[in-house]
Amino acid sequence: MAEKVLVDARNLVKTFKASKGEVQAVTDVSLKIYRGETLSLVGESGCGKSTLGRLLIRLIELNSGSIQFDGTELTTLKKKELRDFRRKMQLIFQDPYASLDPRFTIEKCISEPLRAAGYSAQQQHEAVLELAEKTGINPEHLGRYPHQFSGGQRQRVGIARAIALHPELIVCDEPVSALDVSIQAQTLNLLHELQEELQLTYLFISHDLGVVRYISDRVCVMFLGRVCEIGTTSEIYEHPRHPYTNYLLRATPQIGKKAIGKEQLLSGEIPSPINPPSGCRFRTRCPYATERCAQEVPQLTGEESHQVACHYPRKFETEGDAQR
């Protein structure tokens, strides 16, 4: 893992107005992304993963907090300064078809950021040919339209467009969830190859723990807008310490592994983000919760390689430990 910090986010807060109050999407989240690594955000739907990803690249405004990108404070940049800075930060969307203009040819889709950056028509064409080669797109197909491509091919177009301006950070928001398993593997391998070739840094958002384990250097687990646990991939998967992380890992289907038993299922419903529980937000579903969990918000503690936000962190036995 690289030691240089590319993104340093501190105490991020984001709420959205709702008919019955405010949705607390991200609450007091702090994390670092190191240059050249892949940090994955995982958690159930609605935990704030995508919102956090968009906050970090300033696609949506935060309520409070600090975001430093390679030493530059993003929250104080003016509109023009932020527009120029956006070349360093790009996003790969979950649905490649929805992110591409159906009226544009594939070449025009890929060249869109180049055009916005002031490249000449000739420069755009040359750059698109190079991007097509890097991402495995047949140059003879650049005159086609998005509906003439498969889901995997369209995602390659999205990736080509994301790397067009030589960014440093790419937020990958569920980039393979809409693809078949075999195409997922090809896309993940492409992302890994591009990362090594172009020295990219990824924030990878996913609910698929199998995919996350394959591509990640570090993993950040979120529940209801807060970080539960963060650490290296090996630490999170082999030595989970938060009850929620342990549940997610045990609930993940694996070949040759028994299905999760009833005694391991979580009780109750996921709390509302409009009116989350006091103290630890996971306490209403946690079998180990005490009165302290209702009164105090647990803070991330531990070494840099593995931190957990729990008053009573445990050393859970993983499947691998049980077999040894």
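The values are calculated or read from the model by the stated rules, or taken from the named source; none is laboratory data. Computed from a predicted structure; not experimentally measured. Note that we place each Cβ from the backbone using ideal geometry, even for glycine, and neighbour counts take in every protein chain shown. Areas reflect the complete protein model, heavy atoms only, side chains present, ligands, DNA and RNA absent. Shrake-Rupley method; radii C 1.70, N 1.55, O 1.52, S 1.80 Å.
How large a share of the accessible area of segment 1-128, in percent, is made up of carbon and sulfur atoms when the probe is 1.4 Å and the other protein chains stay in place?
For segment 1-128, the apolar C and S fraction of the accessible surface comes to 48 percent.
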Of Val297, Val181, ordered by accessible area with the largest first and a 1.4 Å probe, the sequence is Val181, Val297
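Could you report the chain's accessible area per residue, 1.4 Å probe, as an integer in Å²? Write out the running numbers ahead of the final one.
Values: 16280 Å² over 324 residues.
Ligands and nucleic acids excluded, the result is 50 Å² per residue.
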Summing -39500 (n - 2.57) over every DSSP H run of at least 4 residues in the chain and dividing by its residue count gives a helix-only mean residue ellipticity at 222 nm, to the nearest 500 deg cm²/dmol, of -9000 deg cm²/dmol
Once the in-chain neighbours fewer than 8 apart are removed, the aspartates and glutamates whose Cα is under 20 Å from Lys20 read Glu269
Simple spin-label estimate for Phe16/Glu238, 7 Å along Cα→Cβ, in nm, reads 3.8
Taking segment 168-229, the equivalent ellipsoid from its C-alpha gyration tensor has semi-axes in Å, biggest first, of 20, 16, 9
Evaluated at 10 °C and 1.306 mPa s, the Stokes-Einstein D of segment 53-183 based on the Kirkwood radius over Cα pairs, in µm²/s, stands at 101
Computed on Cα atoms, Rg of segment 158-291 relative to 2.2 N^0.38 Å comes out at 1.22
If the chain between Phe85 and Tyr97 were fully extended at 0.36 nm per residue, the gain over the current Cα-Cα distance would be 1.7 nm
With +1 at each Lys and Arg Cβ and -1 at each Asp and Glu Cβ, the charge dipole magnitude of the chain around its Cα centre, to the nearest 20 debye, comes out at 880
Per residue, the convex hull enclosing the Cα atoms of segment 13-123 spans a volume in Å³ of 166
Carbon/sulfur accessible area of segment 143-282, % of total, 1.4 Å probe, equals 49
For the chain, longest principal axis from Cα atoms; helix 121-135 axis from its Cα atoms; angle between them, nearest 10 degrees, is 50
A student asked for the Cα radius of gyration and Dmax of segment 54-117 in angstrom ought to give 14.2, 40
Over its alpha-carbon atoms, the chain yields an Rg and a Dmax in Å of 20.7, 67
Taking N as the residue count of segment 1-75, its alpha carbon Rg divided by 2.2 N^0.38 Å gives 1.15
Accessible-area order for Tyr97, Tyr119, largest to smallest, probe 1.4 angstrom, reads Tyr97, Tyr119
